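S.K.: This is the structure I want to talk about, given as structure tokens.
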Amino acid sequence: MKLVGIAMLVVSSACLAEEPDSYQPAATNVWGAQYPRVDSNGRAQFRVKAPNATKVVVNFWSVPKLEMTKQPDGFWTVTSAPIVPGFHYYTLLIDGAEVTDLNSHTFFGGGKDASGIEIPEAGSTYYSIQDVPHGQVREIWYNSKVAGSWRRALVYTPPGYDVRTSERFPVLYLQHGGGEDETGWTKQGRANFILDNLIASGNCRPMIIVMAYGYARHAGRPAPDLTGKPFGSPEAMRAMEEMASAFEDDITQVLIPYIDSNFRTIPDRDHRAMAGLSMGGMQTFQVTFNHLDLFSYIGGFSGAAGPLVLGNEKLDAKTAYHGALADPAAFAKKVHLLWLGVGTEEPERMRVGLLRLHTSLLEAGIQHVFYESPGTSHEWQTWRRDLRDFAPRLFQQATQ
């Protein structure tokens with residue numbers, strides 16, 4: 001689920017006439033589109049042609065909507081106050097009908113294709129395209145006996161992968177959140193550019209990243225139904241747990257063997273990591289703690305441990321995950337990194353739950369890293385920062 005933290009006020013449409021040269025087309029626009037536009041202060045201008053409409057609204061998700069003003073030429077316009085930097089989903093409501101903005105590229109989120117706008121973060125280049133060697137993002141399809149269907153994943157290979165043909169690489173399995181898919185980490189999250197820049201600076205070990213489709217069902221079983229089930233509700237959690245179980249079997253029994261057979265990996269637990277955001281964090285904890293024979297690096301970005309985060313109870317280290325945490329010393333020898341991250345402006349229930357999990361791990365003597373992204377909510381800027389902090393910590397203990 002995506003809750004975007006934007007502090008926003010509507011500015012009069014007359015602002016469209018102010019400082020026209022200070023606004024530039026958003027990086028998320030389609031070719032040649034002049035709107036939406038953003039300025040150096042993070043303000044955004046929208047312009048939509050709907051001459052027969054009676055009401056048009058910019059529908060940012062989970063924040064106040066922006067009502068547009070109709071101009072004599074049939075275009076509707078509005079200018080926002082400064083928006084929190086990062087990527088933000090939106091759609092248009094034209095006389096109540098929800099549609100995408102034809103000026104924007106679409107991004108899969110909330111279970112549908114939606115528009116998006118990128119608000120630059122001043123001084124941040126870690127997720128930008130830089131003049132450094134670049135890796136490649138490849139699309140693969142594999143036939144899953146677990147799901148009884150063909151499934152897609154995206155695979156990032158680091159710069160030089162096709163040249164240094166005798167070299168093998170560690171692998172990070174990196175999962176998207178609820179309502180998104182395997183394209184999220186590259187389209188919205190810019191994971192490939194984050195890794196390119198980290199590797200070029202010498203701050204990160206070259207690695208393969210596998211981004212798998214996070215929804216799964218066992219062959220012959222109906223797909224879990226999340227319709228009308230609020231995120232965090234018992235019904236939604238049960239449905240997500242069913243999907244997580246099927247995904248766990250798919251990734252451990254099918255995808256990992258496929259990746260190890262088709263890419264130059266170092267196929268052991270010391271060179272294999274898994275992390276995920278929101279729903280993907282819950283999946284990560286389930287998969288890794290149940291398969292510590294396969295993974296030694298674990299990351300939860302704004303999500304981990306399912307009911308332990310969304311419920312009210314503390315982690316019982318003696319019983320959780322079949323006793324994987326019962327012996328802190330033994331756990332520390334097996335797991336080279338346990339990492340948790342949260343935005344300081346996350347929804348209260350999520351933030352409190354993750355802080356509770358952090359405190360429970362401290363009290364149990366479980367070594368881990370806890371990172372807080374300042375000023376960001378349950379959104380991609382939090383998770384970009386998470387990956388920037390998490391990736392350099394991977395595979396430092398491991399040697400081939």
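Nothing in this text is a laboratory measurement; each read-out follows from the coordinates by a stated rule. Remember, predicted model here, so these are calculated numbers, not experimental data. Please note: Cβ atoms are built from the backbone with ideal geometry, for glycine as well, and neighbour counts cover all protein chains shown.
S.K.: Starting at the first residue of the range 260-269, write each ³J(HN,Hα) from the Karplus equation 6.51 cos²θ - 1.76 cosθ + 1.60 with θ = phi - 60°, in whole Hz, x for Gly and Pro.
M.R.: 5, 7, 10, 10, 7, 8, 9, x, 9, 5
S.K.: How tilted is helix 191-200 with respect to the longest principal axis of the chain? Cα atoms for both, answer in degrees (0 to 90, nearest 10).
M.R.: 70
S.K.: Report the GluC sites (Glu not before Pro) located in the range 140-186 that are in a DSSP loop and have at most 13 other Cβ atoms inside 10 Å of their Cβ, or state none.
M.R.: Sparse-neighbourhood loop GluC sites (Glu not before Pro): 167.
S.K.: Amide H to amide H under 5 Å from residue 121: which residues, 5+ apart in sequence or cross-chain, H placed 1.01 Å off N in plane?
M.R.: 86
S.K.: For the pair residue 130 and residue 262, how long in nm is the line joining their label points, each one 7 Å along Cα→Cβ?
M.R.: It works out to 3.1 nm between the two label points.
S.K.: Just name one of 177, 161, 52: the one whose Cα is farthest towards the positive end of the charge dipole of the chain (beta-carbon charges, Lys/Arg +1, Asp/Glu -1).
M.R.: 161
S.K.: Taking the Cα centre of the range 10-119 as origin, sum charge times position over the Cβ atoms of Lys and Arg (+1) and Asp and Glu (-1), and report the length of that vector in debye to the nearest 20.
M.R.: Around 200 debye, computed over the range 10-119.
S.K.: Hey, can you rank 353-363, 260-270 by average C-beta count inside 10 Å, highest first?
M.R.: 353-363, 260-270
S.K.: Can you give the FRET efficiency for residue 292 and residue 49, using 1/(1 + (r/R0)^6), R0 = 60 Å, r = Cβ-Cβ distance, to the nearest 0.05?
M.R.: 0.60
S.K.: A further question follows. How big is the dipole moment of the range 153-227 about its Cα centre under a simple scheme where the beta carbon of each Lys and Arg is +1, that of each Asp and Glu is -1, and everything else is neutral? Debye, nearest 20, please.
M.R.: That gives the range 153-227 a dipole magnitude of about 160 debye.
S.K.: Here's another thing I want to ask about it. Mind checking the angle between helix 234-250 and the chain's longest principal axis? C-alpha axes, 0 to 90 degrees, to the nearest 10.
M.R.: Between the helix axis and the principal axis of the chain, the angle is about 60 degrees.
S.K.: Name the lysines eligible as straight-distance cross-link partners of residue 49: C-alpha to C-alpha under 19 Å, and not fewer than 8 places from it in the same chain.
M.R.: Reachable lysines: 65, 70.
S.K.: Would you calculate, for the chain, the mean residue ellipticity at 222 nm contributed by helices, counting each DSSP H stretch of 4 or more residues as -39,500 (n - 2.57) and dividing by all residues, to the nearest 500?
M.R.: One gets -6500 deg cm²/dmol as the mean residue ellipticity at 222 nm.
S.K.: Could you work out the relative contact order of the range 167-228, using alpha carbon pairs under 8 angstrom and six or more residues apart, expressed as a whole percent?
M.R.: This gives 45 percent for the range 167-228.
S.K.: Still on this structure, I have one more. Once you sort the root eigenvalues of the Cα gyration tensor of the range 10-119 as a ≥ b ≥ c, which label holds: rounded (a/c under 1.5), prolate (a/b larger than b/c) or oblate (the other case)?
M.R.: Judged from the Cα gyration tensor, the range 10-119 comes out rounded (a/c under 1.5).
S.K.: Which whole-number percentage describes the relative contact order of the range 10-119, with Cα contacts under 8 Å and a sequence gap of 6 or more?
M.R.: Answer for the range 10-119 is 29 percent.
S.K.: Projected onto the charge dipole of the range 116-252 (+1 at Lys/Arg Cβ, -1 at Asp/Glu Cβ, origin at the Cα centre), which of 213, 197, 148 gives the Cα projection farthest towards the positive end?
M.R.: 148
S.K.: Now for a separate question. So what is the relative contact order for the chain, in percent, with contacts set as C-alpha pairs under 8 Å and at least six apart?
M.R.: Contact order relative to length: 14 percent.
S.K.: If you plug each phi of the range 103-113 into the Karplus form 6.51 cos²θ - 1.76 cosθ + 1.60 with θ = phi - 60°, what whole-Hz ³J(HN,Hα) values come out, in order, with x for Gly and Pro?
M.R.: These are the phi-based 3J(HN,Hα) values: 7, 10, 5, 9, 9, 7, x, x, x, 7, 6 Hz.
S.K.: Also: Could I have the simple spin-label model distance between residue 349 and residue 235, label points 7 Å from Cα toward Cβ, reported in nm to one decimal?
M.R.: With each label placed 7 Å out from Cα toward Cβ, I get 1.4 nm.
S.K.: Of the options 265, 280, 323, report the single residue whose Cα projects farthest towards the positive end of the charge dipole of the range 247-400 (beta-carbon charges: Lys, Arg +1; Asp, Glu -1).
M.R.: Going by the charge dipole, the pick is 265.
S.K.: In debye, nearest 20: dipole of the chain around its Cα centre with unit charges on the Cβ of K, R (+) and D, E (-)?
M.R.: 460
S.K.: Here's a follow-up. Work out how much length residue 163 to residue 143 would gain on full extension: take 0.36 nm times their residue separation and subtract the Cα-Cα distance, in nm to one decimal.
M.R.: Working it through step by step, the gained length comes to 4.4 nm.
S.K.: Which angle from 0 to 90°, rounded to the nearest 10, does the C-alpha axis of helix 380-390 make with the longest principal axis of the chain?
M.R.: 30
S.K.: Amide H of residue 378 versus every other amide H placed in the peptide plane: which residues, excluding those fewer than 5 positions away on the same chain, fall under 5 Å?
M.R.: Under 5 Å from the amide H of residue 378: 3, 5.
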